[in-house]
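Everything below concerns the one structure shown next.
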Amino acid sequence: MKKIVGVILLSFLLAGCDQPKIDSSTDDAMKSSIAKVRESLPENKRGEFDNALQVVAFSNINMADLIQSDKEDLSKKMRDSLSGKTADEVISYAQKVNAEKELKQKEQVLQEIKGLEQRKANAEKAIEALKKVQVLSSQLIKEPQEDGKPQPIIKLVVKNNTDTVISRAYLQGVVAGSGHSEPWLVSNFFYDVPGGLKPNEEATWTLAPPKDSEWGRLYVPTDAVFTVTVARVDGPDRQALFDATGFTKKDDSRLEDLKKNNL
């Protein structure tokens, strides 16, 4: 029995020794030996070998190498990756490289999901906190001017129910009308509060956008509805107190797609 097992093992070893290997001593030797290795394979395995060959050849080359290295350095790295390998070893190594790459990509996706979820949680927390900065009323009017171009005026009455002075507010204005599925205008703007808006203080803010801006070009019908939402406020040090702008609809769509395809 031992003799039979020994013969079988020896046959496997001899078979392995008979497999042609890639000679990467020179570019010409490598091309020639790769052709021989490929010819030694059955027809149905050559496509797999061709794909594996590319994976292994570029396994030790990164983007910096492609940008900074010269042609000879790149060629040497490719030759070193393939040196002395049989067809089975090339395929096996390519499978290992692909598995490691897939694992790394999975880890990167999970990190991105984690980051997006954290940003979403922060934005939701900020939205709740920003309810303490109330826009009590909002008006968009056009004041006639001597040059014939009316001056757009935004008037807001705002109350600060937070316990901190607000030095700047970032806002989003929406002009819409009944019977229209899409708003006529959605625009982001900010307002620097002179002297700051103190806790429990209410103030009227007046802004005059340029006449040639989207506010100036907009026709405002009598039935238009103008609403303003607070997206972020800064404290007296000009650092964000509450910021709901760090997570967009695009981010939310990205998060849902990642979770759907990877969790």
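The values are calculated or read from the model by the stated rules, or taken from the named source; none is laboratory data. All values reported here derive from a predicted model rather than from experimental measurement. Cβ atoms come from the backbone with ideal geometry, glycine included; neighbour counts cover every protein chain shown.
Below are the figures for this structure:
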| item | result |
| --- | --- |
| Pick from the range 98-127, criterion surrounded by 12 or more Cβ atoms within 10 Å (Cβ to Cβ) and small (Gly, Ala, Ser), ranking: farthest from Val233 (Cα to Cα) | Gly115 |
| Restricting the range 221-243 to residues that are over 30 Å from Lys142 (Cα atoms) and not basic (Lys, Arg), the residue that is surrounded by the most Cβ atoms within 10 Å (Cβ to Cβ) | Phe242 |
| Answer from Leu136, Leu140, Leu171 - the residue that is part of a strand (DSSP E or B), under 26 Å from the mean Cα position of the chain (by Cα) and in the same structural domain as Pro199 (by TED's automatic domain parsing) | Leu171 |
| Output for the range 52-79, where each listed residue is in a helix (DSSP H, G or I), of a type outside the set (Lys, Arg) and touching a Ser or Thr at 6+ places or on another chain (Cβ under 7 Å) | Val56, Ala57 |
| So Asp251, is it closer than 17 Å to Asn122 by Cα, out of contact with any strand residue (DSSP E or B) (no Cβ under 8 Å at 6 or more places or on another chain) and either among the aromatic types (Phe, Trp, Tyr) or touching a residue at least 40 places away in the same chain (Cβ under 8 Å) (or both) | yes |
| Count - residues of the range 51-75 that are surrounded by 15 or more Cβ atoms within 10 Å (Cβ to Cβ) and not polar (S, T, N, Q) | 8 |
| Of the criteria (1) farther than 17 Å from Leu136 by Cβ; (2) surrounded by fewer than 17 Cβ atoms within 10 Å (Cβ to Cβ); (3) not small (Gly, Ala, Ser), which one Asn200 fails | (1) |
| Residue within the range 209-220 that is buried (at least 17 other Cβ atoms within 10 Å of the Cβ), assigned by TED's automatic domain parsing to the domain that holds Leu241 and in a strand (DSSP E or B) present | no |
| Neighbours by Cβ (under 8 Å, 6+ apart or cross-chain): first from the range 167-186, farther than 22 Å from Ile127 by Cα; second among the hydroxyl-bearing types (Ser, Thr, Tyr) and surrounded by 15 or more Cβ atoms within 10 Å (Cβ to Cβ) | none |
| Filtered residues of the range 80-98 (kept if in contact with a Lys or Arg (Cβ under 8 Å, 6 or more places away or on another chain) and assigned to a loop (DSSP other than H, G, I, E, B)) | Gly84, Lys85, Thr86 |
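Yes/no per residue for (1) out of contact with any helix residue (DSSP H, G or I) (no Cβ under 7 Å at 6 or more places or on another chain); (2) under 30 Å from Leu258 (Cα atoms); (3) of a type outside the set (A, V, I, L, M, F, W, C):
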residue	(1), (2), (3)
Glu39	yes, no, yes
Arg46	no, no, yes
Ala52	no, yes, no
Val56	no, yes, no
Met63	yes, yes, no
Lys101	yes, yes, yes
